[in-house]
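Below you'll find the structure, written out as structure tokens, and then a few comments.
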Amino acid sequence: MVEELVAAGVTLASAGVVYVAAAARVVKQYERGVVFRLGKLRSQVRGPGFTMIVPGVDKLRKVNMQIVTMPVPAQEGITRDNVTVRVDAVVYFKVTSPAEAVVRVEDYRFAVSQMAQTSLRSIIGKSELDDLLSNREKLNQGLELMIDSPAVEWGVTIDRVDIKDVSLPETMKRSMARQAEADRERRARVINADAELQASKKLAEAAHQMADAPAALQLRLLQTVMAVAAEKNSTLVLPIPVELLRFLEKGAQVPGEVGGAQRTPSVESRAESRAVQEELPPLEPRLDLDPEGSISRQE
């Protein structure tokens, strides 16, 4: 009798252990458990930790509540200004309602991926190339709204959407490079023209200063000669300035003699004597007969 009771107790204990092993479930901290009893959804969602279900009757499905990072495959499309581009993005989303994520959609990950691809192609068709390259924040917000609208019904919330890269054709890249080069060339010419204008104004001011003081021009000429002569790689031809000739002319007009030397007639005195000679009438030749019978010409 005792042996039968012991055997029955052992059997019941073994059955209890088997039942507990079959019914015991462990839900992790970042998961939630959705229970279906005979195919019907239970309203209570199992939290993290140890939980029990009815073996053979209940079915527990775990749903990850972490933020999921999903890359969106590159989508090729034509922008509003008729440029073919390839754009890829990344979507960050998480499940906010485990029951709806399991019941309302077959595979919420696949659904979010397909919706992201469709929305990305739609954004490409509605945007221009400049917006895709420089105004990505606005496009990211629009893309997030387009994906989040149907995802809310699936118990999924879109946390963030970012456009990663925009691939352009090689011809378009070369065209943009030429455009940037032309723009920089235009800016360089404008800066150069502005510099020439400022330099011309300064040169005009310097010319007025030199006109008031002629000696400044001679000093500038000597400075230029010194700068050129310092290189020692060229032949320098120095013209005689007009001011030097005037100085010599003034020195030649000094009256009197210095040291017993006779004063050299100046250029003006020689010109006056030449004018007097031109005013005198020309002398006619005269023939005289000398006593010896020879003929000589006198003027």
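The values are calculated or read from the model by the stated rules, or taken from the named source; none is laboratory data. On a predicted model such as this, the values are computed, not experimentally measured, just so you know. A quick note on method: Cβ atoms are made from the backbone with ideal geometry, for glycine too, and the neighbour counts reach across all protein chains shown. Side chains included, ligands, DNA and RNA excluded: accessible areas come from the protein's heavy atoms. Shrake-Rupley method; radii C 1.70, N 1.55, O 1.52, S 1.80 Å.
For ARG80, all conditions in the list (1) out of contact with any Leu (no Cβ under 7 Å at 6 or more places or on another chain); (2) more than 30 Å from ARG42 (Cβ to Cβ); (3) in a helix (DSSP H, G or I) hold save one; what is the number of the exception?
(3)
Out of everything in the range 93-129 that is of a type in the set (Asp, Glu) and free of Cβ contacts under 8 Å to residues at least 40 places away in the same chain, what residue ends up being surrounded by the most Cβ atoms within 10 Å (Cβ to Cβ)? Walk me through it before giving the result.
Initially, the range 93-129 is screened for residues of a type in the set (Asp, Glu), giving 100, 106-107, 128.
Remaining after also requiring free of Cβ contacts under 8 Å to residues at least 40 places away in the same chain: 106-107.
Numbers: GLU106: 8, ASP107: 10.
Among residues in the range 93-129 that are of a type in the set (Asp, Glu) and free of Cβ contacts under 8 Å to residues at least 40 places away in the same chain, the one surrounded by the most Cβ atoms within 10 Å (Cβ to Cβ) is ASP107.
Quick check on my filter: what residues within the range 44-66 are open to solvent by 40 Å² or more (accessible area, probe 1.4 Å), assigned to a strand (DSSP E or B) and farther than 23 Å from ASP107 by Cβ?
Listed by number, the residues that qualify are GLN44, PHE50, MET52.
Name, by its number, the condition in (1) without any contact (Cβ under 8 Å) to a residue 60 or more places away in the chain; (2) exposed (fewer than 15 other Cβ atoms within 10 Å of the Cβ) that does not hold for VAL90.
(1)
Hey, does the range 153-163 have a residue that's part of a strand (DSSP E or B), surrounded by 14 or more Cβ atoms within 10 Å (Cβ to Cβ) and in contact with an Asp or Glu (Cβ under 6 Å, 6 or more places away or on another chain)?
Yes, that holds for at least one residue.
Does the range 60-77 include one or more residues that are of a type in the set (Ser, Thr, Tyr) and modelled with pLDDT of 85 or more?
yes
Of the conditions (1) out of contact with any helix residue (DSSP H, G or I) (no Cβ under 8 Å at 6 or more places or on another chain); (2) charged (D, E, K, R); (3) in contact (Cβ under 8 Å) with a residue 12 or more places away in the chain, ARG32 clears all except one; give me its number.
It is condition (1) that ARG32 fails.
Could you list, in sequence order, the residues of the range 96-118 that are within 26 Å of ARG86 (Cβ to Cβ) and among the hydroxyl-bearing types (Ser, Thr, Tyr)?
Step one: of the range 96-118, the residues within 26 Å of ARG86 (Cβ to Cβ) are 109-118.
Answer for the range 96-118, where residues must be within 26 Å of ARG86 (Cβ to Cβ) and among the hydroxyl-bearing types (Ser, Thr, Tyr): SER113, THR118.
Hey, does the range 166-188 have a residue that's surrounded by fewer than 12 Cβ atoms within 10 Å (Cβ to Cβ), closer than 30 Å to MET65 by Cβ and of a type outside the set (A, V, I, L, M)?
Of the range 166-188, the ones surrounded by fewer than 12 Cβ atoms within 10 Å (Cβ to Cβ) are 170-171, 173-174, 177-188.
Applying the additional criterion that residues be closer than 30 Å to MET65 by Cβ yields none.
The answer is no; no qualifying residue exists.
Read through the list (1) farther than 30 Å from GLN66 by Cβ; (2) free of Cβ contacts under 8 Å to residues at least 40 places away in the same chain, then give the number of the only condition that MET146 fails.
(1)
For the range 212-230, does any single residue satisfy the condition of being over 23 Å from ARG246 (Cβ atoms), open to solvent by 70 Å² or more (accessible area, probe 1.4 Å), in a helix (DSSP H, G or I) and not β-branched (Val, Ile, Thr)?
yes
For the range 27-38, check the following and say yes or no: at least one residue is surrounded by 11 or more Cβ atoms within 10 Å (Cβ to Cβ) and at pLDDT below 85.
no
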